[in-house]
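Asks: Sharing a structure below in structure tokens format, with a few things to ask.
Here, each number is a calculation from the coordinates, and none is a lab measurement. Computed from a predicted model, the values in this text were never measured in an experiment. Positions of Cβ are backbone-derived with ideal geometry, glycine not excepted, and every protein chain shown enters the neighbour counts.
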Amino acid sequence: MTLKTGPGAAGWEGVATCGSVHVCPVCMPSVRRARAAELESAGTAWESVDTKNGKARGLVLVTLTMRHYARQSLGLLVQRQREAWKRAFGQNALRTTKQLKKGMGVVGHVRSWEVTHGDNGWHAHFHVAVFLEERPSAQRVQILRRLIYRAWADALERVSAYRPSWEHGVRVDAPGTGEAGQIARYLMKGQDGKWGAAQELVRGDVKAGRRGHRMPLQIARGAVAGDERDVALWREYEETATGLRALYWSNGLRKLLADLVQLDDRTDSEVATDDQVKDKKPIAHFPLRTWYGHVVKVPGRRLQLVHAAEKWALSGVRTVVESWGLLWGVDVTEPEELPAGAAPTAAELLARMERADLAERAAVWRAEFARQEREERAGRVVFQPGAWEARSEAQRAQDEARAADAVTADERTRTYREALARAKAARPAGELEAAMRRARAA
């Protein structure tokens, strides 16, 4: 494993990444950041003037919500949400809806899924960037909203969901003239500064819920802090969100945009992996024996190395490594920077031989030190004042308790036997003989 550092950040090369955009707090920012940049460039290119008809193309941001209650599970809401989308705008949409889309000049769309949690339970909704042939007027935006609401509300009722209100069911935002890449008017504040429409589509990792609603990562923080309710909520979210697509592009849209702008064709896993090492310089190499034997098995050491690399670069990493009792140059080495396909020089070969020889000697030293420590522990006498007196007192108390128990048992046996003898002596002879005859007969 190789530790790399760059401007203000450090990362690991050779570590597997999952590429999960919904449940992984490590991969999520990398993937969402790349997708936001891709959408922004696509929106900027799309708003340029179409050379064929001389008109500026347009975009709108549509937000589709559904009515929900605390008793409803997230899995049920997502199932009905996806079924309603198929009936309203997907493969099961009515022919009239498809004709209206064509009449409104809809070229394609990009859909993202988002969920928050509040007093009324899970709030799942879609953000949809709709690409239009022409920049829409205010009147056309209102017409588009009415058409979308009618299709969305009817579809929700068909899948046994609650019909949303006109005020909250559908929202359509259109950009102003010259707002390149911005497909929504409202801006939200996040860790990246001003909030644009591209970030609204994909940057769920840095958003905070509004009106008392919490984003998934806020729930995860509560779960880590030990809140049992948040633990249950996070497990429900993780089970439902795993495998869901972060972005869905309509058929043919990427091919159309590829003629206007360079799109990012990497998978989510590739984006997460590249973000760890892109534009970073290697500063330390950890062999597998060191990685698994001294870094991975101790919680917090990987993060400690990353922080040291970000603050103090090579000197900080070396200080941390040596504080663990490891040898720099043996257990952790500086990475070799050889061009692809180039053979090592004589000096580099000699350096490798020296490191190998030092590693062998270090192994012998450590084995001898371990043997001496074992012998020392075996022959070590630990002095504890009053230990023998306390042990003798405890042994004496234990012996007295055992003797008392024995005397008590003997006393109970003797008392029983004396009482039995007295009873036999007091019994009349005739009664005794009759009892013996009855016993023989039986």
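Asks: Based only on other Cβ atoms within 10 Å, what is the fewest-to-most ordering of M215, M436, M66?
Replies: The fewest-first ordering by Cβ neighbours comes to M436, M215, M66.
Asks: Any aspartates and glutamates with Cα under 14 Å of the K55 Cα? List them, leaving off those in the same chain fewer than 8 positions away.
Replies: Within the straight-line limit of under 14 Å, K55 reaches these aspartates and glutamates: E47, E133, E134.
Asks: From the Cα gyration tensor of region 1-159, with a ≥ b ≥ c the square roots of its eigenvalues, which class applies: rounded if a/c is under 1.5, or else prolate if a/b is larger than b/c, or else oblate?
Replies: oblate
Asks: If you don't mind, another one. Out of the chymotrypsin sites (Phe, Trp or Tyr not before Pro) in region 57-113, which ones are loop residues according to DSSP with at most 13 other C-beta atoms within 10 Å?
Replies: Here the chymotrypsin sites (Phe, Trp or Tyr not before Pro) that fit, given the DSSP loop and packing criteria, are Y69.
Asks: I need the peptides 400-409, 99-108 ranked by packing, meaning the mean over residues of other C-beta atoms within 10 angstrom, with the highest value on top.
Replies: The packing order, highest mean first, is 99-108, 400-409.
Asks: Trypsin sites (Lys or Arg not before Pro), restricted to region 251-307: which are DSSP loop and have at most 16 other Cβ atoms within 10 Å?
Replies: Those that pass, being in a loop and sparsely packed, are R266, K278, K297.
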